[in-house]
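Enquirer: What follows is a single structure, and I will ask about it in a moment.
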Amino acid sequence: MVEAVIVDRALLIMATLHERDGMLTRTAQAEVPPRVEYELTDLAESLIPHAVALADGASDHVAAIEAHRDEFDRRTERGR
């Protein structure tokens, strides 16, 4: 149960930060139990193609990224 509270708190913190940045709108519904809806703003929607392009670019370099991770782990003994 403690893990669920931590995850819920982390999600709330991230949603609040994204709301502050103008990425989300938050609408609280006057219901029991309370319900909150989040929606992407136009700003957030405009960034989706850029995020997809970044993810696509990263997926094109998975082997190189993994090689760098392996080298880092060997150098720092993180792999042990």
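The values are calculated or read from the model by the stated rules, or taken from the named source; none is laboratory data. What you see is a predicted model; the values in this text were computed from it and never measured. Neighbour counts run over all protein chains shown; Cβ positions are idealised from the backbone, glycine included. These area figures cover heavy atoms from the full protein model, side chains too; ligands, DNA and RNA do not enter into them. Shrake-Rupley method; radii C 1.70, N 1.55, O 1.52, S 1.80 Å.
Enquirer: Based on Cβ point charges of +1 for Lys and Arg and -1 for Asp and Glu, what charge dipole magnitude is obtained for the chain about its Cα centre, in debye rounded to the nearest 20?
Expert: 380 debye
Enquirer: Continuing with this model, one more query. Which length gain, in nm to one decimal place, applies between residue 11 and residue 75 when the Cα-Cα distance is subtracted from 0.36 nm times their residue separation?
Expert: Length gained, residue 11 through residue 75: 19.6 nm.
Enquirer: Still on this structure, I have one more. Once every DSSP H run of n ≥ 4 in the chain is given -39500 (n - 2.57) and the sum is divided by its residues, what mean residue ellipticity at 222 nm do you get, rounded to the nearest 500 deg cm²/dmol?
Expert: -22000 deg cm²/dmol
Enquirer: Can you work out the accessible area per residue across the chain, with the rest of the protein chains kept in place, probe 1.4 Å, in square angstrom?
Expert: 88 Å²
Enquirer: Something else: How much length, in nm to one decimal, is gained on full extension between residue 48 and residue 36, taken as 0.36 nm per residue of separation minus their Cα-Cα distance?
Expert: Stretched out fully, the residue 48 to residue 36 stretch lengthens by 2.0 nm.
Enquirer: Okay, moving on. Counting only protein heavy atoms, what percent of the accessible surface of the chain is carbon or sulfur at a 1.4 Å probe?
Expert: C and S fraction of accessible area: 60 percent.
Enquirer: Show me, bin by bin at 10 Å from 0, the whole-percent P(r) of the chain based on Cα pairs.
Expert: That works out to 15, 24, 26, 26, 9, 1, in percent per bin.
Enquirer: For residue 27 and residue 4, what does the FRET efficiency come to when R0 = 25 Å and r is the distance between their Cβ atoms, rounded to the nearest 0.05?
Expert: FRET efficiency, residue 27 to residue 4: 0.60.
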